[in-house]
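Okay, structure first, notes after.
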Amino acid sequence: MSITNEHELAGMQKVSEAVAYTLKEMINYAQAGMTTKEIDEYGAKILSGFGAKSAPYLTYGFPGWTCISVDNEFCHGIPNDQRILKEGDLINIDVSAELNGYWADNGGSFIIGKDINSHQKLVDASKDILQKAINSIKGGVKIADIGFLMEAEAKKRGFKVIKNLAGHGVGKSLHEQPDELFNYKNRFDSRRFKKNSVVAIETFISTSSNLAVELNDGWTMVGNKGGYMAQHEHTIVVTDGKPIILTQMNEILN
C-alpha cells in the first residue's frame, strides 16, 4: 500500500506494533525443552490481546498462528507438540497479522541458549545485511540494486542467498505489490522503490543452498542443498531519506 494520510499511518503503526511486540516476546520466551506449539500458542495470546488476527491463518489457512522453523527448516515451519527445542538450535519465528484492515509482517532468526553449533555468524550476517539494505532504501532507488547489495554482502561473508524467497509489499493485505523483492540482482527488474509505499523487507541468507523446496506437509521449506538459513524482516515505510521502521519494537537488529 501507499500511505496517503495520517489515519493510514496510524493503522499501520498499530498492527506493526502488535506483530513486533509479539515477535520480541516469543523470542524472549523460547527456550530449550519447549515445543514449538507452546511458543506459537504464547504468541497467539499476545496477538489476540491486541485484537490482531494471524495473517498466515487468515490468508492461507496455515495450521498455526505463526511460522516457527527449526534448524534445517528454512521457513513456513508448522508449530507442533512433537518438536522440542534443544540447546544450540537455530530457530526462526515469523509473525504477521491483520488489525482493523491493516497488515504487517516481521521475523527473526536466533539461537536457543548457547551457540554450541556455531550458527551465530550466519545470524549476525543476516542482521547486518538487513540493516544495510534498509539504510540504502529510499524513494527512487532501484529494487534490483538492493538485491545486488544483499547478495554481495552475503558472498563477502561466505554465505549464499535463497533465490526463490523474497520480500514484498504489505499493508491492505499480506502480500502486495511490489512483490519479488529478491536478495539478488534481477537484471530484468527496472522497478524503483516508491516514496510512502509500505514493504516487508527480508533477508534469506544460507550456508549451502540457493533454493528453498517444500516438504510433503505442503508448508515447510528446506534448502535444495541442505544447510541452514537465517531470516530477518522488518515492515518499513519508504521515504525520501531513511525509511520509517514500523516494526522497530521487535529489536531483532539489536
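Kindly report the accessible area of the chain per residue (heavy atoms of protein chains, probe 1.4 Å, no ligands, DNA or RNA), in Å².
43 Å²
So for the stretch 97-173, Kirkwood radius off the Cα pairs, Stokes-Einstein at 4 °C and 1.567 mPa s: how many µm² s⁻¹?
Taking Rh from Cα pairs, D becomes 89 µm²/s.
Calculated from DSSP H runs of 4 or more alone, at -39500 (n - 2.57) each and per residue, what is the 222 nm mean residue ellipticity of the chain, nearest 500?
-10000 deg cm²/dmol
With the contact rule set at Cα under 8 Å and sequence spacing of 6 or more, what percent relative contact order holds for the stretch 146-250?
In percent, rounded to a whole number, it is 26.
Report the gain in length on full extension from Asn135 to Glu251: 0.36 nm times residue separation, minus Cα-Cα distance, nm rounded to one decimal.
40.2 nm
At most 12 other Cβ atoms within 10 Å and a DSSP loop assignment: could you name the trypsin sites (Lys or Arg not before Pro) in the stretch 168-254 that fit?
Answer in residue order: Arg187.
Give the residues of the stretch 162-203 whose amide nitrogen is closer than 15 Å to a point set 7 Å from the Cα of Val213 in the direction of its Cβ.
Correct set: 163-164.
Roll a 1.4 Å probe over the protein heavy atoms and report the accessible area of Met249 in Å², nearest 10.
Rounded to the nearest 10, the figure is 80 Å².
How long are the three semi-axes of the equivalent ellipsoid of the stretch 28-72, in whole Å, if each is the root of 5 times an eigenvalue of the C-alpha gyration tensor, listed from largest down?
Each semi-axis is the square root of five times an eigenvalue, giving 19, 14, 7 Å.
On a full-extension model of 0.36 nm per residue, what is the gain between Ser48 and Lys121, subtracting their alpha-carbon distance, rounded to one decimal in nm?
Gain on extension, Ser48 to Lys121, equals 22.8 nm.
What distance in nm separates the simple spin-label points at Arg187 and Asp81, each placed 7 Å from Cα in the Cβ direction?
5.4 nm
Quickly work out the Asn28-to-Lys155 label distance, labels modelled 7 Å from Cα along the C-beta direction, and quote it in nm with one decimal.
Once both label points are built, they end up 4.1 nm from each other.
Keeping the other protein chains in place, figure out the carbon and sulfur percent of the accessible area of the stretch 144-234, with a 1.4 Å probe.
50 percent
If you stretched the chain out fully between Asn196 and Lys114, how much longer would it get, using 0.36 nm times the residue separation minus the C-alpha to C-alpha distance?
Taking 0.36 nm per residue and subtracting the Cα distance, the gain is 25.5 nm.
Run down the lysines and flag those whose C-alpha is under 27 Å from the C-alpha of Lys194, throwing out any fewer than 8 positions away in its chain.
Cα-Cα hits under 27 Å: Lys14, Lys127, Lys132, Lys138, Lys142, Lys163, Lys172, Lys185, Lys242.
Under the √(5λ) rule applied to the eigenvalues of the Cα gyration tensor, what semi-axes describe the equivalent ellipsoid of the stretch 116-254? Give them in Å, descending.
Each semi-axis is the square root of five times an eigenvalue, giving 24, 17, 15 Å.
The values are calculated or read from the model by the stated rules, or taken from the named source; none is laboratory data. All values derive from a computational prediction rather than experimental measurement. For neighbour counting, all protein chains shown are included, and Cβ atoms are generated from backbone atoms with ideal geometry for every residue, glycine included. With ligands, DNA and RNA removed, areas are computed over all heavy atoms of the protein, side chains included. Shrake-Rupley method; radii C 1.70, N 1.55, O 1.52, S 1.80 Å.
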